[in-house]
Amino acid sequence: MRRLLYNLSRHHWSGAPLSRWLAFLLLLGGLVTAAGWLPGGWPVAGLWLLALLALLGVTAYWRRRDFVRFQEAPAPDLLPARLDPSDKIPIFATGHFSVEGKYRRFTWLQGFFRTFATREHAVICHVPPRRFLLGQWPERETGLWYQFFMPGDILQVRWGAVQFGPEPMVGVAVDYRLAIPKRGRLSRARTLEETVFLACHNEADARRILANLLYELTPPPSAPQAVSLTPERLNGRVHQAQPREK
């Protein structure tokens, strides 16, 4: 259901998302039935309206969650370890991406995670041209999209399972601060609390990402090296992030 709703909301036909066309057809069906041009009268017209409200409500619910389900789980005990700057870990990423001053939300983009020598973390993903039913992905949104955050931007790191399709995948959720600069006279600089979900093909890759991010949260070297990822450890720096308002 989540994947279907996402595809309907992102693929366009004749300049509008497929979800908007579907909502229009449901509304039209209700009006035509209520007018007596289709059988059923007001009871059937009410069913058309309920279907429309259900579509809008369910889509809004999952859009607030970027159309993924994250099931938090107890994290394994890991030794903090830095990734080599040349390492690129394949992932499916969900969250707030940007390129050339443009910002978009995407779900389940294929790409990779890496950490530069400066300790800047990068999520680099590609949006290919796509088609779904009668619609296609807007050309202006295809190409490479990015997420960048520094250690000081990280609010908390959570271990768990990320699900978009029928089967969940092991991964991590990183809550971080995103600074959006002022662009133009009518805009203003903003700092948002965002979450990027990183789903991995295997647990070994997820552990490497987690150990790398844990390196940013470790105490000075004089403290014990083995760090347990307890909720108190990971979430103590900030309050539990709440769902974003869209």
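Summary of values
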read-out	value
Residues satisfying the stated conditions in the stretch 141-167, i.e. out of contact with any Ser or Thr (no Cβ under 8 Å at 6 or more places or on another chain), polar (S, T, N, Q) and assigned to a strand (DSSP E or B)	156, 163
Residues located in the stretch 30-62, provided they are hydroxyl-bearing (Ser, Thr, Tyr) and at pLDDT 90 or above	59, 61
Test: residue 151 is at pLDDT below 95 and within 21 Å of residue 6 (Cα to Cα)	no
Number of the condition not met by residue 97 [criteria: (1) touching a Cys at 6+ places or on another chain (Cβ under 8 Å); (2) assigned by TED's automatic domain parsing to the domain that holds residue 27]	(2)
Cβ pairs under 6 Å, 6+ apart, first in the stretch 127-138 and touching a residue at least 60 places away in the same chain (Cβ under 8 Å), second of a type in the set (A, V, I, L, M, F, W, C) and not in a loop (DSSP other than H, G, I, E, B)	134/13; 135/13; 135/18
Some residue of the stretch 142-154 being closer than 23 Å to residue 13 by Cβ, surrounded by fewer than 18 Cβ atoms within 10 Å (Cβ to Cβ) and hydroxyl-bearing (Ser, Thr, Tyr)	yes
Yes/no for residue 119 being among the charged types (D, E, K, R), modelled with pLDDT under 95 and over 26 Å from residue 208 (Cβ atoms)	no
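The values are calculated or read from the model by the stated rules, or taken from the named source; none is laboratory data. Because the structure is predicted, anything quoted here is derived from the model rather than measured. A quick note on method: Cβ atoms are made from the backbone with ideal geometry, for glycine too, and the neighbour counts reach across all protein chains shown.
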